[in-house]
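As structure tokens, the structure follows; a few thoughts come after it.
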Amino acid sequence: MSESSLRELGVDLIEERQFERALAVFAEAVRRVPADHRSRMLAARCLAELGERERAVTAYHACAEGLLRRDYLLSAIAACKLGLELSPSERRLKDTLVRVHSRAARSAPGRAAVPPPLPPEVLYDGKVDTDLMGLMGEELSSRAIEVLAAPDPGGVADPHGRPPLPLFADLGRDAFIDLVARMGWRVVKPDEVIIHEGEPNDHLHVIVAGKSEVTRRVEGEARTLGFLGGGSIFGEISLLTGAPPTATVTAVSDAEVFEIRREHLNAVAKSHPDVPQVLADFAQQRMARNLMATSPMFQQLPESERGAMLQRFTFRALQAREKVLVEGEHSPGLFLVLAGELVVQKEDPAGGVVTLGVLREGDVAGEISLLTGLRATATVVATRKTAAASLDRGAFHELVKAFPHIRTYLEQLSDRRLKQIGEALRPAEIIDADELVVEPDTEAGVA
């Protein structure tokens, strides 16, 4: 029977709650292929279910060490996380987390290179010749732990490389260990939705392993935007801004996912006050990358020039009901929506307020007032907490001078908006059209 077949059999046995038989199957899989760390983790779960907590912790620790050796850092964190749930003060697991963090953060900008602690001493050599699937009881547990706690002999990490470890490597070591102990971990089944488009979300998700599909509803139908694999993070912008997710993420295979709630971050921040800023900086970088890849305005430029243009912008967090443009006043600058929502409103001669449109990710506001010198004839206000990038008047004029393609794009955008407003309002009137949403040339990315 192959390694994958053994694992599938073991998973079936777990679902039937036959943990002793499952332990024998997973331990046999590891005996045959020591690099099968998925089976090591599942065997550790079986040991825990059978009341063998100390042996389970030992198996999780060996699994984490093997994964670290092969640079599977997120999976190594998961193994440590599961072990710490059984033994929260376990020193071995925390030492391994220190080595994981050191491995990832060694090349982080502004940090000194710190050699990681020495790996732990090996207690077992894994040299068991017996087929473990024929054993039961204490004999099975004793032989199984010899296999499960033995080191993975293969795999050597590149000492000069820095494997991706999104967000976690940006945290300080102690904050990282604290967060790992608090955050959630779960297995997501195929077709299970992780986050729903448009629904409130206070989770940041990290895919440890597996694959998920990203979809967005367009004209009533779900349209696939892409797929996410191990190491992908999503939900951080919704967590920070309160804006609902702009897409749905659904597992297409068995996936392991870390779940970090706002309450977890708040708890860690009590001891490590820099954590909120680290998360904010991380989310800002993610929003910037999404913006450069998806915003129609940025797509007027070669990719090599987009970063220089973005550096001219200042990132702002707008609170609910905060106004960025006020009817009758000059626009203070150009605004570009990163996440969240701005609504465009115009005073009605009869004394009411008319909603002209909504601005979302990638849309701009304020360009006509800046290009023509006219006063804004509509108000633009945040409907909820919204992330935006802005340029003041002086910086805007420097931008369009340095990037003529951007001026051309904004002038064409303004012309289209003026025409749409003229068609929408009767009688036709000249207004500052920078507040009217238009269909984007390309779709925005996942928040």
Note down all Cβ pairs under 6 Å where the first residue falls in the stretch 335-360 and is outside any strand (DSSP E or B), the second is acidic (Asp, Glu), and they're at least six residues apart or on different chains. ARG360/GLU341
Taking the stretch 290-308 and keeping residues under 25 Å from ILE233 (Cβ atoms), part of a helix (DSSP H, G or I) and touching a residue at least 40 places away in the same chain (Cβ under 8 Å) leaves ASN290, LEU291, ALA293, THR294, GLN299
Scan (1) assigned by TED's automatic domain parsing to the domain that holds ASP415; (2) more than 25 Å from the chain's Cα centre (by Cα) for the single condition ALA339 breaks and write down its number. (2)
Over 30 Å from GLU236 (Cα atoms) and modelled with pLDDT of 85 or more, is that true of LYS419? no
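I need the full set of residues from the stretch 110-134 which are at pLDDT below 70, closer than 22 Å to GLU54 by Cα and surrounded by 12 or more Cβ atoms within 10 Å (Cβ to Cβ), in order please.
Residues of the stretch 110-134 at pLDDT below 70: 110-123, 125.
Within this subset, residues satisfying the condition of being closer than 22 Å to GLU54 by Cα are 119-123, 125.
Result: PRO119, PRO120, VAL122, LEU123, ASP125.
Which of the following residues is more than 30 Å from ASP281 (Cβ to Cβ), of a type outside the set (D, E, K, R), modelled with pLDDT under 85 and crowded, with 18+ Cβ neighbours inside 10 Å: LEU356, LEU371? Walk me through how you get there before you give the answer.
Details: LEU371 fails: modelled with pLDDT under 85.
One residue alone meets the criteria, LEU356.
Which residue out of SER75, SER89, SER141, SER107 is modelled with pLDDT of 90 or more, part of a loop (DSSP other than H, G, I, E, B) and not basic (Lys, Arg)?
On the way: SER75 fails: part of a loop (DSSP other than H, G, I, E, B); SER141 fails: part of a loop (DSSP other than H, G, I, E, B); SER107 fails: modelled with pLDDT of 90 or more.
None of the others qualify; the one that does is SER89.
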Checking GLU429 against (1) modelled with pLDDT under 55; (2) farther than 21 Å from LYS346 by Cα, which test does it fail? (2)
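Scan the stretch 309-332 residue by residue and report those that are in a loop (DSSP other than H, G, I, E, B) and of a type outside the set (A, V, I, L, M, F, W, C).
Taking the stretch 309-332 as the starting set, the residues that turn out to be in a loop (DSSP other than H, G, I, E, B) are 311-313, 319-322, 326-332.
Those that are in a loop (DSSP other than H, G, I, E, B) and of a type outside the set (A, V, I, L, M, F, W, C): GLN311, ARG312, GLN319, ARG321, GLU322, GLU327, GLY328, GLU329, HIS330, SER331, PRO332.
Out of the residues in the stretch 72-85 that are more than 17 Å from the chain's Cα centre (by Cα) and over 11 Å from ALA181 (Cα atoms), which is surrounded by the fewest Cβ atoms within 10 Å (Cβ to Cβ)? Write out each step before concluding.
Residues of the stretch 72-85 that are more than 17 Å from the chain's Cα centre (by Cα), as a first pass: 72, 76, 79-85.
From what is left, the residues that are over 11 Å from ALA181 (Cα atoms) are 72, 76, 79.
On the way: TYR72: 21, ALA76: 26, ALA79: 29.
Among residues in the stretch 72-85 that are more than 17 Å from the chain's Cα centre (by Cα) and over 11 Å from ALA181 (Cα atoms), the one surrounded by the fewest Cβ atoms within 10 Å (Cβ to Cβ) is TYR72.
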Say whether the condition of being surrounded by 21 or more Cβ atoms within 10 Å (Cβ to Cβ) and either outside any helix (DSSP H, G or I) or touching a Pro at 6+ places or on another chain (Cβ under 8 Å) (or both) is met by at least one residue in the stretch 272-286. no
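Tell me which residues, restricted to the stretch 364-396, are closer than 14 Å to VAL326 by Cβ and among the aliphatic types (A, V, I, L, M). Explain how you work it out, then say what you get.
Pass one, the stretch 364-396, residues closer than 14 Å to VAL326 by Cβ: 365-366, 369, 374-382.
ALA365, LEU374, ALA376, ALA378, VAL380, VAL381, ALA382 - these are the residues of the stretch 364-396 that are closer than 14 Å to VAL326 by Cβ and among the aliphatic types (A, V, I, L, M).
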Residue satisfying condition, being over 27 Å from LYS94 (Cα atoms), out of contact with any strand residue (DSSP E or B) (no Cβ under 6 Å at 6 or more places or on another chain) and β-branched (Val, Ile, Thr), within set VAL57, VAL25: VAL25
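The values are calculated or read from the model by the stated rules, or taken from the named source; none is laboratory data. Just so it is clear, the model here is predicted, and its values are computed rather than measured. Neighbour counts run over all protein chains shown; Cβ positions are idealised from the backbone, glycine included.
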